[in-house]
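Quick notes on the structure that follows.
The values are calculated or read from the model by the stated rules, or taken from the named source; none is laboratory data. Because the structure is a prediction, the values reported are computed rather than measured. Cβ atoms come from the backbone with ideal geometry, glycine included; neighbour counts cover every protein chain shown. These area figures cover heavy atoms from the full protein model, side chains too; ligands, DNA and RNA do not enter into them. Shrake-Rupley method; radii C 1.70, N 1.55, O 1.52, S 1.80 Å.
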Amino acid sequence: QVLLVESGGGLAQAGDSRTLSCKMSGGPFGNYAMGWFRQEGGQERQFVAAISWSGGDTYYADSVKDRFRISRDNAGNTVYLQMNSLQPEDTAVYYCAADEWQVYRVPKYEFWGQGTQVTVSS
C-alpha cells in the first residue's frame with residue numbers, strides 16, 4: 001500500500017521561504033504523478049502544483065506560479081514544494097497526493113498524505 005508522509009510545515013513570517021517534503025513508501029515512486037494541494041478551514045481542497053512521472057512537466061495554480069516550485073527526486077522517493085515569498089493567504093494544511101495514471105489539477109488523486117500545517121503571519 002502506498003503511504004505518503006509530508007513534512008516541513010510550521011510557522012513562517014510573510015516573505016519567508018519554506019520547503020515541504022513528501023516521501024512515498026510502498027510503491028515505485030517513479031510510477032506516480034504527484035500533486036500538492038492545500039485546504040484552509042472548511043473550504044475545498046485547492047490545487048497548488050503538480051509534476052509528471054519523470055518530472056519533465058510541472059503545473060501550478062495561478063496564485064503560486066511565480067513563487068512556488070515543485071520538484072521530485074525519484075531515487076529518494078520524495079516530492080518537494082519550495083515556497084518563496086510566503087503570504088498570510090498561503091496559510092493552510094498542505095497535502096501531497098499521488099496517482100498512477102494521470103496528473104490532475106483537481107483532488108482526484110488515488111493516494112493522499114495526512115497533511116502538514118503551514119501558518120504564515122504578517
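Charged neighbours of residue 117, selected by a Cβ distance under 11 Å, balance to -1 (K, R count +1; D, E count -1).
Report the local net charge at residue 91: Lys and Arg +1, Asp and Glu -1, summed over other residues whose C-beta lies under 11 Å from its C-beta.
Values: positive: 38; negative: 40, 89, 90.
Summing Lys and Arg as +1 and Asp and Glu as -1 gives -2.
Mind grabbing the accessible area of residue 108 for me, 1.4 Å probe, Å², rounded to tens? For residue 108, solvent-accessible area is about 130 Å². The charge dipole of the chain, taken about its Cα centre with unit charges on the Cβ atoms of Lys, Arg (+1), Asp and Glu (-1) only, comes to about 120 debye. Sites listed here are GluC sites (Glu not before Pro) in the stretch 49-122 whose DSSP assignment is loop and whose Cβ has at most 15 other Cβ atoms within 10 Å: 100, 110.
Per-residue surface analysis assigns residue 119 an accessible area of about 50 Å², computed on protein heavy atoms at 1.4 Å probe radius.
Per residue, the average separation of C-alpha pairs within less than 8 Å and at least 6 apart gives the chain a relative contact order of 37 percent.
What the stretch 20-102 shows is 45 Å² of accessible area per residue, with the surface traced by a 1.4 Å probe over protein heavy atoms.
Once both labels are positioned 7 Å from their Cα atoms along Cα-to-Cβ, the gap between residue 67 and residue 100 label points is 3.7 nm.
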